Amino acid sequence: MRFLWIALGFLSLALGFVGAFLPLLPTVPFILLAAFCFARGSPAFEKRLLDHPTFGPHIHAWRTNRAISPTGRRAAFLAFGVSALLGLLLLPDPWRYLPLLPAIVGTIWIARLPTA
């Protein structure tokens, strides 16, 4: 079972890395998921994430207060907006409206989170 948690942790890290370059795929939620998986499979990998200068503060803020940083909030809103706009401009009917639903739901959810 430990191997499965570690594998899921690395898969989440990989998706988070890809999400840094694709607007529809978020980065931080996958990093949070990786920390969750590593906490169950490898405390050493979890510690490396928690000690990381970029990702560590986000993980700590989420675990302690379920909070998101102002920069993370703006980045999420921008990513949702770009994704919805690209869908509206590039996809054929009726698919062009599909990205709007996750963008609206995600925006509302993130807007309701406390600020770190």
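Throughout, read-outs are computed from the coordinates displayed, never taken from laboratory work. Please read these numbers as outputs of a predicted model, since none were measured by experiment. No Cβ is skipped: glycine too gets one built from the backbone with ideal geometry, and neighbour counts run over all protein chains shown.
Can you tell me how many residues within the range 42-81 are over 26 Å from residue 104 (Cα atoms), touching a residue at least 40 places away in the same chain (Cβ under 8 Å) and touching a helix residue (DSSP H, G or I) at 6+ places or on another chain (Cβ under 8 Å)?
Total meeting the criteria: 1.
This table checks each residue for (1) assigned to a helix (DSSP H, G or I); (2) hydrophobic (A, V, I, L, M, F, W, C).
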site: 15; (1), (2): yes, yes
site: 22; (1), (2): no, yes
site: 32; (1), (2): yes, yes
site: 46; (1), (2): yes, no
site: 49; (1), (2): yes, yes
site: 54; (1), (2): no, no
site: 60; (1), (2): yes, no
site: 72; (1), (2): yes, no
site: 84; (1), (2): yes, yes
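For the list (1) touching a Ser or Thr at 6+ places or on another chain (Cβ under 9 Å); (2) loosely packed, with under 15 Cβ neighbours inside 10 Å; (3) not charged (D, E, K, R), I need the number of the one condition that residue 80 fails.
Condition not satisfied by residue 80: (2).
Which residues, taken from the range 58-67, are out of contact with any Ser or Thr (no Cβ under 7 Å at 6 or more places or on another chain) and surrounded by 15 or more Cβ atoms within 10 Å (Cβ to Cβ)?
59, 62
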